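Each value in this text was obtained by applying a stated rule to the coordinates, not by laboratory testing. These numbers come from a predicted model, not from an experiment. Here the Cβ is made from the backbone with ideal geometry for all residues, glycine too, and neighbour counts use every protein chain on show.
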Amino acid sequence: MKKEYLILIAIIIFTGSYLFLHKENQANYQLPEIKAINAAKITGIIIKKEQETIKFTKKNESWVLTDDEFPADSGSVQDMFDTFKTFKLTALVSQKSDLQRYELDEKKSIHVKLLEKETMVFEFTIGKQAPSFNHTFVMTGSDKNIYHAKGSFRADFNKTVDEFKEKPEKENSESKIE
């Protein structure tokens, strides 16, 4: 009878140590580290879509669009900077080049470059919003892996030049009546 107890205890110890040491759901990859972006040093933003490239340049303390130097909508610029400040990769989604599935192909992706003077300090490609609505599919720099980035921010960059332009304030119609 003692022999049976010893075998039972050995099985319990073996099973317990296996369950304790074996972590099946553990991630077997390392996410790239994204350095904090100092928004105060950013002097240019380039947004490239399939048919359109939009360039933002910082002039004095305000932002202008394209070579024609249209004033940029401060709310839109602030939304982009909020994304840059909180940009964080949360998971590796794919190591395959299935770009069309995540809308990271040339037709649907949005490529963003941040410039400090003439030097590129960060670049990433935006795909579609993840089904969770809390993440966006992205690729960083020349890395061909596809990641989840925290937040749903595609709409902040998926605008036309006219949508990024500052809108003139409407005059109050009552002030015209004298």
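Want the number for GLU69 to THR160: 0.36 nm per residue separation, take away the alpha-carbon distance, what's left?
Full extension from GLU69 to THR160 adds 31.2 nm.
Evaluate the distance, in nm, between pseudo-label points positioned 7 Å from the Cα of THR90 and of SER62 along their respective Cα→Cβ axes.
3.7 nm
On a full-extension model of 0.36 nm per residue, what is the gain between ILE12 and PHE133, subtracting their alpha-carbon distance, rounded to one decimal in nm?
39.2 nm
How far is helix 74-86 tilted, in degrees, relative to the longest principal axis of the Cα atoms in the chain, given as a value from 0 to 90 rounded to the nearest 10?
20 degrees
DSSP loop (so not H, G, I, E, B), at most 15 other Cβ within 10 Å: list which chymotrypsin sites (Phe, Trp or Tyr not before Pro) in the range 1-82 pass both filters.
Here the sparse-neighbourhood loop sites are TYR29.
At ILE34 and GLU52, where each label point lies 7 Å from the Cα along Cα→Cβ, what is the point-to-point distance in nanometres?
It is 2.4 nm.
About the Cα centre of the range 39-164, what is the dipole size in debye to 20, counting +1 per Lys and Arg Cβ and -1 per Asp and Glu Cβ, all else neutral?
560 debye
Relative to the longest principal axis of the C-alpha atoms of the chain, give the angle of the C-alpha long axis of helix 2-21, reported between 0 and 90° and rounded to the nearest 10°.
Between the helix axis and the principal axis of the chain, the angle is about 10 degrees.
Please compare each pair in LYS48/LYS88; LYS41/LYS165; LYS58/LYS113 to a cut-off of 18 Å on the Cα-Cα distance and tell me which ones are over it.
LYS48/LYS88; LYS41/LYS165
Test of understanding: express the Cα radius of gyration of the chain as a ratio to 2.2 N^0.38 Å, with N the residue count.
In units of the globular-protein estimate, the chain measures up at 1.59.
Would you be so kind as to identify which of THR83, GLN51, TRP63 lies farthest towards the positive end of the dipole of the range 1-91, taking Lys and Arg as +1 and Asp and Glu as -1 on Cβ and the Cα centre as origin?
The Cα lying farthest towards the positive end belongs to THR83.
Given the -39500 (n - 2.57) contribution per DSSP H run of 4+ residues, what per-residue ellipticity at 222 nm results for the chain, rounded to the nearest 500 deg cm²/dmol?
Mean residue ellipticity at 222 nm (helix-derived): -7000 deg cm²/dmol.
Given labels modelled 7 Å from the Cα in the Cβ direction, how far is it in nm from GLN78 to SER97?
So the label points at GLN78 and SER97 sit 4.2 nm apart.
Among ALA149, GLY127, GLN95, flag the residue with its Cα farthest along the positive direction of the charge dipole of the range 68-178, charges on Cβ as +1 for Lys/Arg and -1 for Asp/Glu.
Checked the options; the winner is GLN95.
What full-extension length gain, to one decimal in nm, is calculated for HIS22 and LYS41 as 0.36 nm per residue of separation minus the Cα-Cα distance?
Taking 0.36 nm per residue and subtracting the Cα distance, the gain is 2.2 nm.
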